[in-house]
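Inspection log for the structure reproduced underneath, given as structure tokens.
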Amino acid sequence: MVYIFLDIDGVLIKEGTISEENYTVLDQKCLTIFEMTLRPYQNYYKIVISSAWREIFDLDFIKSKFSKDIAQNIVGVTPFLESYADVKFYHYQEILQYLEDHNLNNIKWIAIDDIKEHYPPVIRNYLINTNCDQGFRFVDATKLIDLLRKLNNLD
Ligand SMILES: [Mg+2]
């Protein structure tokens, strides 16, 4: 089992296409590639939302943006830290807090995010760093498959 910490803006929505009317509309192509990639691995991953969306929307709303089978594997959102003063790599710190809160300290995890500076260099092998203008693409899908297979010992 691998936990996937998923950012949304710059991953499933291309930066520059976001407007006030459509800011909750996921990019259909990015979403299709993402879901196609995961679908053969339904028993091997869970998704936790690490996006700022969790500040605005509840989990059910976020899940409604995904296909039903993929949404079933979305299990939560990362927590907010008690303090952000002097916090470096804050998406990473929120992930560590989630893992601790859920007693998942030995779980394998990866992150998908368009901003690599949210993560310390030492873990960036496990970060799929999307291009914010293009979102999740086939090159990202290839890396996601590699990581899912490797971390689940499927090869
Ligand atoms: Mg982002």
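The values are calculated or read from the model by the stated rules, or taken from the named source; none is laboratory data. Everything numeric here is computed off the predicted structure, so don't read it as measured data. Positions of Cβ are generated from backbone atoms using ideal geometry, with glycine treated the same way; all protein chains shown enter the neighbour counts.
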Positions within the stretch 130-152 being surrounded by fewer than 19 Cβ atoms within 10 Å (Cβ to Cβ), within 16 Å of the ligand (Cβ to nearest atom) and closer than 16 Å to residue 36 by Cα, in sequence order: 137
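State whether one or more residues within the stretch 60-69 are of a type in the set (Gly, Ala, Ser), touching an Asp or Glu at 6+ places or on another chain (Cβ under 9 Å), away from the ligand (no atom under 16 Å from the Cβ) and at pLDDT 95 or above. First the steps, then the outcome.
From the stretch 60-69, those of a type in the set (Gly, Ala, Ser) are 64, 67; that's our starting set.
From what's left, touching an Asp or Glu at 6+ places or on another chain (Cβ under 9 Å): 67.
Next, only the ones that are away from the ligand (no atom under 16 Å from the Cβ) stay: 67.
When the remaining residues are screened for being at pLDDT 95 or above, the result is 67.
Scanning the stretch 60-69, I find at least one residue that is of a type in the set (Gly, Ala, Ser), touching an Asp or Glu at 6+ places or on another chain (Cβ under 9 Å), away from the ligand (no atom under 16 Å from the Cβ) and at pLDDT 95 or above, so the answer is yes.
Listed residues 104, 127; which is within 21 Å of residue 150 (Cα to Cα), away from the ligand (no atom under 15 Å from the Cβ) and not hydroxyl-bearing (Ser, Thr, Tyr)?
Details: 127 fails: away from the ligand (no atom under 15 Å from the Cβ).
So the residue among 104, 127 that is within 21 Å of residue 150 (Cα to Cα), away from the ligand (no atom under 15 Å from the Cβ) and not hydroxyl-bearing (Ser, Thr, Tyr) is 104.
Kindly provide the set of residues from the stretch 118-155 that are part of a helix (DSSP H, G or I) and under 13 Å from residue 10 (Cβ atoms), ordered by number. Talk me through it step by step, then tell me what you get.
To start, the set of residues in the stretch 118-155 that are part of a helix (DSSP H, G or I) comprises 118, 121-126, 138-151.
Scanning the stretch 118-155 gives 118, 140.
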So how many residues does the stretch 1-34 have that are within 13 Å of the ligand (Cβ to nearest atom) and basic (Lys, Arg)? 1
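Are any of the residues in the stretch 84-99 acidic (Asp, Glu) and either within 16 Å of the ligand (Cβ to nearest atom) or modelled with pLDDT of 95 or more (or both)? Before the answer, list the steps.
Of the residues in the stretch 84-99, the ones acidic (Asp, Glu) are 86, 94.
Still in the list and also either within 16 Å of the ligand (Cβ to nearest atom) or modelled with pLDDT of 95 or more (or both): 94.
Yes; the residues of the stretch 84-99 include at least one that is acidic (Asp, Glu) and either within 16 Å of the ligand (Cβ to nearest atom) or modelled with pLDDT of 95 or more (or both).
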